[in-house]
Amino acid sequence: MRSYLTHIILLLVSIATLSCTSLESRGKRLQKVVSQQCKAAETLTNTFHDVLNSATPDSVRHINTDNQHCVIYIFNETGLCFWTDNTLAVSDVRMNTFNQWFFQDLNNVQALCLWTSVKNFAVLTIVPLKHRYPFENQELQNVFFAPFLFLDKSYSISSGDNNAYSIFDASGRRLFGLSHKDLSPADEAQNSNTRFSDSFSYRSLSHDGDNTRARKIRTYYLLILLFFSIYVAYAIYILFRHYIRHDMRLTDRLQVLFGMVLIASFVIIYAIMVNFSRRSYEAQQRRDLTQKAAYIQKFLQETYFFNTTLDATNTQSLNVSLKDLSFAYHSDIHVYDIFGRLIGSSQPDLFANHIIGHNMAPKPYFADKPTCLMSEKISELSYLSAYTEFYNGDYELIGYIAVPLFISSDEVNDAVDSLLSRLLPIYLAIAVLSVLLVFWLSRQLIRPLKLVSDKMRDFAIGHKNEKIDYADKDEFGQLIGYYNNMVDQLESSLKQLKQAERQEAWRTMARQVAHEIKNPLTPMRLTIQQMQRLKDIDPERFSQYFDQSSPLLIEQIDNLSHIATSFSDFAKMPEPDITTVDVAQKLFAVVNLFKANIREIPINYLGQQQGVIVTTDTEQITQVLNNLLKNALQALAAQPDPEITVTLTTAKNWAIINVIDNGIGVPEDIRDKIFVPNFTTKSTGSGLGLAISKHIVEASGGKIYFHCDGNKTTFTIELPRII
């Protein structure tokens, strides 16, 4: 599941990268097209300037404007006097700062506009960007479609019935359609200049959301939502699964906990970021409005420096000044006298139509600051106004200046979108990296615990237990320190235990040696004492008794020598040289050796003859196999139908050897002593064979045991196997 989640995260990152790269490249390509259009439009505008400077105005009609991707309008004192296209209602174009491109959302097109001036003419240049109107030109030669049809070769057109057309991009996606429709004729030149702009304060800009930035924001929103949804689904799956099984690991807990905290943090940060952006934009608008009011105040105070009062006689001249200031500062301006009565306005129609009252609000009268900002409403429309005091040259109050500002939700959203378009890619990248960091940190945090867990799982008495290397002195370091101390204490205890066991073993060995020696010494002592008595009492019988007793004495002496040799070998038995051994080949050879020498007892072998590799001492394991087969043969003495079966099988990491005989079996009361040194059920022998075998097998990391089923006895050896 974790690998799937990692792959999904990487896939999301790839999708985000490709999507954003595509959006950015498309945006840059369109920007390049627009830049080319603007440069071409400026060149054409300069041509018109040259003609207007050096010739009569009528000469501009001879300028070739074919295949030009812009529209030119020329105004004189009376209004519109020349145009290159008649499909725009120029009353929608607002006056702006000269020699500076600005965006204008017209009735049927979104465009970039440029105001320039030459002599007493004003030249308006329009570069269309996106069109929303169908046009009656069947051949689509209208300049509004030139950006799509000529400069950008990735667009294509398709015609249909009734002069209907559709515009497609290179991928085949339909952008917009055109149909035959009669449009209202353009206004006559003398009537075109009815108005240049709407009220600056109360004009709501309409922005088309289907643009590169909007698509980018939507794409990032979708990716972030998809990313967090996958992570939340993963967290719910983990919680539900472990809730049922009750086996939730610490790693999963940390990942779920950190992830949820991370998601909550991102949501909170995002909400704060958007709210802060909105407030910052509104605060900046307030500061700009205050500064704008100060500039207007300075200009008006310089203009009316010598006025002692403001009254209705100043209205006409004041309206002209306010109109000029309105165009310069893109804002409506109202002036009131000291009694709060309207004296002049850049938009007198607002007051003539009773949209705004003629009296000023009372709050500026009582303001303790030279500039007062206050919220006002016209019906459901809220806006902000800056009121500042109006002084003459003698610093006498002669009126009040009001500068309204409408902060539309579209403008605020546009400012927020502008910020989000830059921050969301960073936000998504940080989110992905943070989740990956959560997974990495959770693993790093539990790494010391996993080290301790693995070491404790492999912890075993009698084996070399390794310490854990951990340099940090944190809580995990303390825990690992306790573990390392426990390993040291255990090793010390094991050494003491082994020493005590060794001492006890030697004591036991000494007692056993003494016991074994006493057994033959007793009959030897009695025999020698009898020989001494016969020599003194009946010398004739001494010779006969001596001849009879000598073989017995020799047998007992040989027995003593055998006992001494066995114990000496047991004491001197070397540590096993552990290496890899083909136990199948070794066992098969031992069985064949016994079969060749013991023909009266059948010995069967079942298993592989080679290819079973184990770790043990190659010489000592042969000794163990010989001892088990020898014991089996001895157990079959005087048994009817004797038989020995040797099997070799494998199970996982073990090789299993069974030696089975149908001899006399092992009595139940002595089964727990069968591997004890010096214990034997036979009249001869030292009783060390099985004890030595057990030592060899266990030193190799294996096990040896037996079980009885009636007279059937099975000795089993398990040795670690190399696969």
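The values are calculated or read from the model by the stated rules, or taken from the named source; none is laboratory data. As the structure is a computational prediction, the values presented were derived from the model and not from experiment. Glycine gets a Cβ as well: all are built from the backbone with ideal geometry, and neighbour counts include every protein chain shown.
Some points to look at:
- Filtered residue count, region 360-377, keeping only those that are over 58 Å from the mean Cα position of the chain (by Cα) and at pLDDT 85 or above: 1
- Tally, over region 711-722, of residues that are without any contact (Cβ under 8 Å) to a residue 60 or more places away in the chain and under 19 Å from Asp672 (Cβ atoms): 1
- Region 596-623 residues that are buried (at least 16 other Cβ atoms within 10 Å of the Cβ), paired with ones that are aromatic (Phe, Trp, Tyr) and assigned to a strand (DSSP E or B) (beta carbon under 7 Å, 6 or more apart): none
- When region 511-554 is filtered for residues that are acidic (Asp, Glu) and at pLDDT 75 or above, the ones remaining, listed by number, are Asp536, Asp538, Glu540, Asp547.
- Verdict on Glu619 being modelled with pLDDT under 85 and closer than 13 Å to Val583 by Cα: yes
- Residue satisfying all of: in region 445-490; of a type in the set (Asp, Glu) and in a helix (DSSP H, G or I); modelled with the lowest pLDDT among these: Glu475
- Pick from region 562-585, criterion among the small types (Gly, Ala, Ser) and surrounded by 11 or more Cβ atoms within 10 Å (Cβ to Cβ), ranking: modelled with the lowest pLDDT: Ser566
- Whichever residue in region 378-392 is in a loop (DSSP other than H, G, I, E, B) and either of a type in the set (A, V, I, L, M) or loosely packed, with under 13 Cβ neighbours inside 10 Å (or both) and, among such residues, is farthest from the chain's Cα centre (by Cα): Ser379
- Residue within region 82-94 that is in contact with a helix residue (DSSP H, G or I) (Cβ under 8 Å, 6 or more places away or on another chain), over 15 Å from Pro128 (Cα atoms), part of a loop (DSSP other than H, G, I, E, B) and modelled with pLDDT under 80 present: no
- Selected residue (only one of Ala655, Ala632 is assigned to a strand (DSSP E or B), of a type in the set (Gly, Ala, Ser) and either touching a strand residue (DSSP E or B) at 6+ places or on another chain (Cβ under 9 Å) or at pLDDT 85 or above (or both)): Ala655
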